[in-house]
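The values are calculated or read from the model by the stated rules, or taken from the named source; none is laboratory data. Please read these numbers as outputs of a predicted model, since none were measured by experiment. All Cβ positions, even for glycine, are placed from backbone atoms using ideal geometry, and neighbour counts span all protein chains on display. Just the protein is used for accessible areas: all its heavy atoms, side chains included, with ligands, DNA and RNA removed. Shrake-Rupley method; radii C 1.70, N 1.55, O 1.52, S 1.80 Å.
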Amino acid sequence: MTPDLDTALSQVQAAADALRQRVGDGARVGVILGTGLGALADQIEARETVPYDEVPGFPLSTVESHYGRLIAGTLRGVEVLAMQGRFHLYEGYSAWQVTFPVRVMAALGVETLLISNAAGGMNPLYRRGDLMLVTDHINLQGANPLTGPNVDAWGPRFPDMSEPYDRGLRDAAEAAALERGVPLRQGVYVAVVGPNLETRAEYRLLRQFGADVVGMSTVPEVIVARHQGLRVLAMSVITDECFPDALEPVDITEILAAAGQAEPTLAALMGDVVESLA
Ligand code: HPA
């Protein structure tokens, strides 16, 4: 929940001011390097890296598989500000905390946000290791980062969600996939809190709800980005097959291994999209 107006504004301002000193405010493209985009971090020509604990108000990443730092630099000639490591509701953070970095990026002038995540595939045509362009989402987290007072300077009380994932960015991703000969699925991402994976009954339900994949991130960040008027692109790596009638036990190491294998391809596609923004 957004804290009271003055607190919300001053927290974001303090973090943005501190970062402006370190990395400037020239980046128009923000990247959230979730599971599956680690390889993209290596391709950024970093000018400055800032650990989260050096940014006032930033939460700290508690998940071992996630770093906790901001990277400012250029990617394919485009100035970017990248978050290596993100925050999740399952870590105990509020939706406000999870999305705080997106508010800060917007305060620094970021206009386009590129996001990756790992997700379980429920569409029976999907296979482990596939990549999916997120075309729409369902928020089943029971939390929303926009509850509480609305900061009108950031965006409207009732933001539109008719097309959260930017058509032009999706076209650029599709074109990049075609050019590289990489199969790219397109589908709906449903967000749950986690941290446990779903039961068979839950996968069956989520599939019937109309989702193709399920994950524990992204949606709060997208809601805040859209509130602020940022253009958004999100891509998922399918890390496990969630077919209720043929479900196999899966553990996090297998999920991370699948994400790791798909990483170079996802990073290449994201890089192509960034290049198209030059
Ligand atoms: N469920 C929820 N989140 C996930 C999954 C899943 O099966 N796989 C990767 N992230």
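Summary of values
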read-out: Members of segment 72-102 found to be open to solvent by less than 10 Å² (accessible area, probe 1.4 Å), in a strand (DSSP E or B) and without any contact (Cβ under 8 Å) to a residue 40 or more places away in the chain, listed by number; value: Gly73
read-out: Every residue from segment 114-130 that is more than 13 Å from the ligand (Cβ to nearest atom) and not in a loop (DSSP other than H, G, I, E, B); value: Leu114, Ile115
read-out: Residue match in segment 140-150 (condition: away from the ligand (no atom under 14 Å from the Cβ), open to solvent by 70 Å² or more (accessible area, probe 1.4 Å) and touching a residue at least 12 places away in the same chain (Cβ under 8 Å)); value: yes
read-out: Any hit, segment 199-207, residues being away from the ligand (no atom under 12 Å from the Cβ) and buried (at least 19 other Cβ atoms within 10 Å of the Cβ); value: no
read-out: Verdict on Gly30 being open to solvent by less than 10 Å² (accessible area, probe 1.4 Å) and among the small types (Gly, Ala, Ser); value: yes
read-out: Filter pass, Val192 being under 18 Å from the mean Cα position of the chain (by Cα) and among the β-branched types (Val, Ile, Thr); value: yes
read-out: Filtered residue count, segment 176-198, keeping only those that are away from the ligand (no atom under 16 Å from the Cβ) and free of Cβ contacts under 8 Å to residues at least 12 places away in the same chain; value: 2
read-out: Which listed residue is in a helix (DSSP H, G or I), over 28 Å from Leu169 (Cβ atoms), open to solvent by 10 Å² or more (accessible area, probe 1.4 Å) and modelled with pLDDT under 90, from Asp6, Asp17, Asp53; value: Asp6
read-out: Residue satisfying condition, being part of a helix (DSSP H, G or I) and surrounded by fewer than 22 Cβ atoms within 10 Å (Cβ to Cβ), within set Ala106, Ala46, Ala39; value: Ala39
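Yes or no, residue by residue, for (1) within 16 Å of the ligand (Cβ to nearest atom); (2) hydrophobic (A, V, I, L, M, F, W, C); (3) crowded, with 19+ Cβ neighbours inside 10 Å:
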site: Val213; (1), (2), (3): yes, yes, yes
site: Val219; (1), (2), (3): yes, yes, yes
site: Ala225; (1), (2), (3): no, yes, yes
site: Met235; (1), (2), (3): yes, yes, yes
site: Asp245; (1), (2), (3): yes, no, no
site: Thr253; (1), (2), (3): yes, no, no
site: Leu256; (1), (2), (3): yes, yes, no
site: Gly260; (1), (2), (3): yes, no, no
